[in-house]
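Please treat every number below as a calculation from the coordinates, not as lab data. For clarity, every value in this text was computed on a predicted model and none was experimentally measured. All Cβ positions, glycine included, derive from the backbone under ideal geometry; neighbour counts span all protein chains shown.
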Amino acid sequence: MENDVKFWHNPRCGTSRLVLNTMLENRFEPELFLYLQTPPSRKELKRIIRQLKISAEALVREKEPLYEESFADGEKSEEEWIEILTKNPQLIERPIVIKGRKVVLARPPEKVWKWLKINPLNKDKLY
């Protein structure tokens, strides 16, 4: 089993469950980070954003009702978005998979499957 993978997981998210189950079926045993229960620190969130090579705003889950209700109107700075995401972790797009210095946002899930060389349809044949 490969254990050097960290997985930012929301158990209520279908995509997050799909990616996690596929990883487990393919001999990956990630360390789960339940970010809704224990939100990331500003420092950790900044590191993830930097490693993803995106802006904080690009990590915002716009489908969340909270986004529409409270944050969809108006421009926000990078620091404002980081503050919003640390205080409202349900707005963080998921799932996020970390292995070493590489970070992947698993949207779509195939990004992770290709990166980790796993195939959810035929586990005997890798990418």
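General observations
- Order of Lys117, Lys76 - criterion: other Cβ atoms within 10 Å of each residue's Cβ, fewest first: Lys117, Lys76
- Kirkwood radius and radius of gyration were both taken over the C-alpha atoms of the chain, and their ratio Rg/Rh is 0.99.
- Put in order of Cβ neighbour count within 10 Å, fewest first, the listed residues Trp8, Trp113 become Trp113, Trp8.
- Between helix 14-25 and the chain: long-axis angle, C-alpha atoms, 0 to 90°, nearest 10: 30
- Estimated 222 nm signal from helices in the chain, with DSSP H stretches of n ≥ 4 weighted -39500 (n - 2.57), rounded to 500: -9000 deg cm²/dmol
- Contact order for the range 5-115, expressed relative to its length and based on alpha carbon pairs under 8 Å spaced 6+ residues apart, stands at 34 percent.
- Modelled label positions at Asp73 and Gln51, each set 7 Å beyond Cα in the direction of Cβ, lie 3.7 nm from each other.
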